[in-house]
Amino acid sequence: MSHIEMIEFLKEFSFLAPYAATFGVAVAMVQLWRTATQAVTTFEDSTSKEYREITRRIPYKALVGIEMTDAEKNVALNEIYNYMDLCNEQIFLRKAKRVRKNTWNDWQEGMRLNFELPFFQVASNEILNRLPTTFNELRRVKESGYRTDPRKW
């Protein structure tokens, strides 16, 4: 195809240019959405990793309700405090619209299950009583029966 034939061909189909541009914008938008979704997933996974690191340090006895030594109780109390701090951060992240609703619901269910464990109940009540102006968001979630959405606060 000669140069002139190419120009004539392009003139003949120039009416397609706006559609091609629109298609290109649509493809770019889908790619941006996928990238943003992947970034949120990666971020949520990092918070879940932090949760696993904290719970890994909680003595087994605290998790299953076996009597602990004072040293074990101190370790468990420290890690439950760290867990409560993480819970407060998770609540903030949901409130700030940085995590998805399904992820929030999973986290909230995990909070409910953990805080129902006997030593978690004792430890969290002690921590909340000693720090009456701290963990206000967590208090609110607990008071709701773990059926709230901080994004709507």
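Worth pointing out:
- Residues located in region 85-111, provided they are basic (Lys, Arg) and either surrounded by fewer than 14 Cβ atoms within 10 Å (Cβ to Cβ) or not in a helix (DSSP H, G or I) (or both): 97, 98, 100, 101
- Matching residues in region 118-152 - criterion: being among the charged types (D, E, K, R) and farther than 24 Å from residue 58 by Cα: 140, 143, 147, 149, 151, 152
- Which numbered condition residue 120 misses (of (1) open to solvent by 60 Å² or more (accessible area, probe 1.4 Å); (2) in a helix (DSSP H, G or I)): (1)
- When restricted to residues that are of a type in the set (A, V, I, L, M), in a helix (DSSP H, G or I) and surrounded by 12 or more Cβ atoms within 10 Å (Cβ to Cβ), region 65-78 contains 3.
- Verdict on residue 81 being part of a helix (DSSP H, G or I) and either touching a Phe, Trp or Tyr at 6+ places or on another chain (Cβ under 6 Å) or open to solvent by 80 Å² or more (accessible area, probe 1.4 Å) (or both): yes
The values are calculated or read from the model by the stated rules, or taken from the named source; none is laboratory data. In this text the structure is predicted, and so the values were computed from the model without any measurement. All Cβ positions, even for glycine, are placed from backbone atoms using ideal geometry, and neighbour counts span all protein chains on display. We work out accessible area using only protein heavy atoms, side chains counted, and drop any ligands, DNA or RNA first. Shrake-Rupley method; radii C 1.70, N 1.55, O 1.52, S 1.80 Å.
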